[in-house]
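The structure appears right after this line, and notes come after that.
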Amino acid sequence: MKGSSAWRNSDNLPIVVSQPRFLENQRPMPNPTVFFISDGTGITAETFGNAILAQFELKFRHVRLPFVDSVDKAHQAVRQINHVAELEGRKPIVFTTLVNEDVLKVIVDGSKGMMLDMFGTFVNPLEAELGIKSNHRIGRFSDASKSKEYHNRIEAINFSLAHDDGQLNRDLELSDVILVGVSRSGKTPTSLYLAMQHGLKAANYPLIPDDFERKQLPPALVPFKKKIFGLTIQPDRLSEIRNERRPNSNYANLVNCRYEVAEAESMMRRAGIRWLSTTHKSIEEIATTILQEISPERLTY
């Protein structure tokens, strides 16, 4: 019998056990929905939330709700959360970094989501331990126009943009770090990450065939060797990246990539420069390694 299995009892009569059947047109469950709610930009909620979600082999649907800074907006957020809960038949996950207690209360009391209040989880115990109240400030900078840290960060970003790919040799003495490596080894994104996340003035400079022929660092960098950190990459991966930009060119040719990487690594060894391979590392991992190595006196968080 299709869809069933048969056994026989002691009287040789069949015992039929039905097997469960699934409708062919049954729709699969949608990816779990995650809300990131903040009365600021929501960057903290999303960064922290994503770090937790990365521990699960699931694809999540992200809904960002920044600047929820009033009770009215909180009620709108509740309606969105509850609508998703009804559609999906399960609780959405809700990460919040809400400072305003009235706004938070509306969402906690009214929503059908699984609430993960990050400030409540961490700030309240810290207040008890330190014996002081937090300033309940929204976002990293309560007033960007008056924040020295914010202005330092903007200065660092402008510096890194101006000193990208060796465009400018002037003011290198002001840099916190100078990244060197072959073209497309990850220098630009790492420089900008260091500037945006940590307020570091990060210049970057390409190592090119002229440097390999001289077997010396670019002359403009020699006085600042202590600030230099090198990036390298496996030649086959470099070839893949360059082919996306200039397909079928000598620039992307694997033989040329092998030559450039070998020469760059030899140069960095001779010069005594610290360096790492970016092949299998994220920007965050690269930046963290650089910070550990150069130990800058000034960091912005």
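When restricted to residues that are of a type outside the set (Phe, Trp, Tyr) and modelled with pLDDT of 80 or more, segment 127-157 contains 17.
Report yes if Glu88 is among the acidic types (Asp, Glu), without any contact (Cβ under 8 Å) to a residue 60 or more places away in the chain and touching a Pro at 6+ places or on another chain (Cβ under 9 Å), otherwise no. Judged against the criteria, Glu88 is a match.
Checking each residue in segment 226-243 for being charged (D, E, K, R) and either open to solvent by less than 80 Å² (accessible area, probe 1.4 Å) or at pLDDT 95 or above (or both) picks out Lys227, Asp236, Arg237, Glu240, Arg242. Pro223 fulfils the conditions (1) open to solvent by less than 70 Å² (accessible area, probe 1.4 Å); (2) not in a loop (DSSP other than H, G, I, E, B) except for a single criterion, (1).
Could you list all residues from segment 244-264 that are assigned to a helix (DSSP H, G or I), open to solvent by less than 30 Å² (accessible area, probe 1.4 Å) and among the aliphatic types (A, V, I, L, M)? The answer is Val261, Ala264.
Applying a threshold of 7 Å to beta carbon distances and a minimum spacing of six or more residues, or different chains, the list of pairs starting in segment 111-134 at a residue that is more than 25 Å from Glu88 (Cβ to Cβ) and ending at one that is of a type outside the set (Val, Ile, Thr) and open to solvent by 40 Å² or more (accessible area, probe 1.4 Å) reads Val123/Ser134; Glu127/Lys133; Glu127/Ser134. Scanning segment 59-71 for residues that are farther than 14 Å from Ser111 by Cα and either open to solvent by 40 Å² or more (accessible area, probe 1.4 Å) or of a type in the set (Ser, Thr, Tyr) (or both) yields Lys59, Arg61, His62, Arg64, Pro66, Phe67, Asp69, Ser70.
I'm trying to understand the selection: among the residues of segment 190-210, which are open to solvent by less than 10 Å² (accessible area, probe 1.4 Å), more than 17 Å from Tyr150 (Cα to Cα) and outside any loop (DSSP other than H, G, I, E, B)? The answer is Thr190, Ser191, Ala203, Asn204.
Inspection of segment 187-209 identifies at least one residue that is farther than 23 Å from Leu161 by Cα, of a type outside the set (Lys, Arg) and out of contact with any helix residue (DSSP H, G or I) (no Cβ under 6 Å at 6 or more places or on another chain). Across segment 265-290, the qualifying residues are those that are without any contact (Cβ under 8 Å) to a residue 40 or more places away in the chain and within 15 Å of Ala202 (Cβ to Cβ), and the one among them that is surrounded by the most Cβ atoms within 10 Å (Cβ to Cβ) is Thr289. Give the residue that is nearest to Ala45 (Cα to Cα), with candidates limited to residues of segment 97-110 that are open to solvent by less than 10 Å² (accessible area, probe 1.4 Å) and at pLDDT below 95. So the residue we want is Thr97.
In the set Ser160, Ser183, only one residue is more than 22 Å from the chain's Cα centre (by Cα), of a type in the set (S, T, N, Q) and at pLDDT 95 or above; that residue is Ser183. Close Cβ contacts (under 6 Å, 6 or more residues apart or on different chains) running from residues in segment 230-254 that are free of Cβ contacts under 8 Å to residues at least 12 places away in the same chain to residues that are open to solvent by 10 Å² or more (accessible area, probe 1.4 Å) comprise Asn250/Asn256.
The values are calculated or read from the model by the stated rules, or taken from the named source; none is laboratory data. In this text, all values refer to a predicted model and were calculated from it rather than measured experimentally. Cβ: placed from backbone, ideal geometry, glycine included. Neighbour counts: every protein chain shown. Side chains included, ligands, DNA and RNA excluded: accessible areas come from the protein's heavy atoms. Shrake-Rupley method; radii C 1.70, N 1.55, O 1.52, S 1.80 Å.
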